[in-house]
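Undergrad: Below you'll find the structure I mean.
Nothing in this text is a laboratory measurement; each read-out follows from the coordinates by a stated rule. This structure is a prediction, so every number in the text was calculated from the model and none was measured. Reconstructed Cβ throughout: ideal geometry from the backbone, glycine too, with neighbour counts over all protein chains shown.
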Amino acid sequence: MKPDNLLNHHPVTYRTDQHHLPHGEITPAVKKIIRKLTNAGYEAYLVGGAVRDLLLGLHPKDFDIATDATPEDVKKVFKGQCRLIGRRFRLAHIYMGNQVYEIATFRGSDSGDRILKKGQIIRDNVFGTIEQDAIRRDFTCNALYYDIDNRVVLDFVGGVGDLERGELKLIGQADQRFIEDPVRMLRAVRFEAKLGLTLPTEMAHQITAHRHLLHQVPIARLFDETFKMFHGGNMAEAYQKTTDLDLFQILFPV
């Protein structure tokens, strides 16, 4: 099944009486950034892990923002507060006080400035719509968008329902998504350990079958994701799962 087949072009909209997301947990700086973008005429939403964690009653460590403004547009809006980073994925970092907030432009589905090597995405700066951005994300629970002004959650891929059922679901075919970015295998383990979500049997099989692809990942990315996985407060669960899926020896070769 291709990711597009999972997309609901008219998202399910969850109102405040349906999602119970604690709006007060969102920091004033995040609200200020989003409103500055919307006041400049752009779309901007809280997205990804922060929305997921807030819906689960957790306290997010990071607040990421998605927008239709290009990195250069964001730079024009925030001027000296903004720094553009990244070659693989072009991003904008906004500096407020001692905090850094990440803003990503909606990713598109056209080829454009996307470079693949043996199916793996090594550069992706194709920009698009919020609908296209949703299906470019890894798991359904990470493809949720929160409109801070209307206080609604936009769900294009059934992520809210998957969270309610305690299921971790990939957007699209597991083999293709793991080939595109092998780090998604480690993220799957981390989310199962951290969030208590169930990893489907087929996804577990695909992780074991594609674990060798982790050898192609730059050491810095591998270290970063491994650190998050084992320092997220659920080390025992993460260790058990990496062992069960034959990942541990790849991460920590003897």
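Undergrad: Given contacts defined as C-alpha pairs under 8 Å and at least six residues apart, what's the relative contact order of the chain, whole-number percent?
TA: 17
Undergrad: Now a separate question. Quick one: dipole size for the chain, taken about the Cα centre, charges +1 on Lys/Arg Cβ and -1 on Asp/Glu Cβ, in debye to the nearest 20.
TA: 840
Undergrad: Helix 219-230: angle to the longest alpha-carbon principal axis of the chain, degrees 0 to 90, nearest 10?
TA: Between helix and principal axis, roughly 90 degrees.
Undergrad: Nearest 10 degrees, 0 to 90: what angle lies between the long axis of helix 201-210 and the longest principal axis of the chain (Cα atoms)?
TA: Taking the Cα atoms of the chain, the angle to 201-210 is about 80 degrees.
Undergrad: Counting just the Cα atoms, what span does region 3-164 cover along each of its three principal axes? Round to the nearest Å and put the largest first.
TA: Ordered largest first, region 3-164 gives principal extents of 42, 41, 27 Å.
Undergrad: Quick one: net charge of V100's neighbours, Cβ under 13 Å, K/R +1, D/E -1?
TA: Details: positive: K61, R83; negative: D62, D64, E102.
After counting each charged neighbour, the total is -1.
Undergrad: Pairs of alpha-carbon atoms within less than 8 angstrom and 6+ residues apart define the contacts here; what relative contact order does region 173-251 have, in percent?
TA: Computed value for region 173-251: 38 percent relative contact order.
Undergrad: In the chain, what percentage of the DSSP-assigned beta bridges are antiparallel, given to the nearest 5?
TA: Numbers: 28 of 32 bridges.
Percentage antiparallel, nearest 5: 90.
Undergrad: How large is the direction-averaged shadow of the alpha-carbon convex hull of region 158-224, in nm²?
TA: Details: hull surface 18.5 nm².
For the Cα atoms of region 158-224, the hull's average projected area reads 4.6 nm².
Undergrad: Roughly how tilted is helix 183-195, in degrees to the nearest 10 and between 0 and 90, from the longest Cα axis of the chain?
TA: 80
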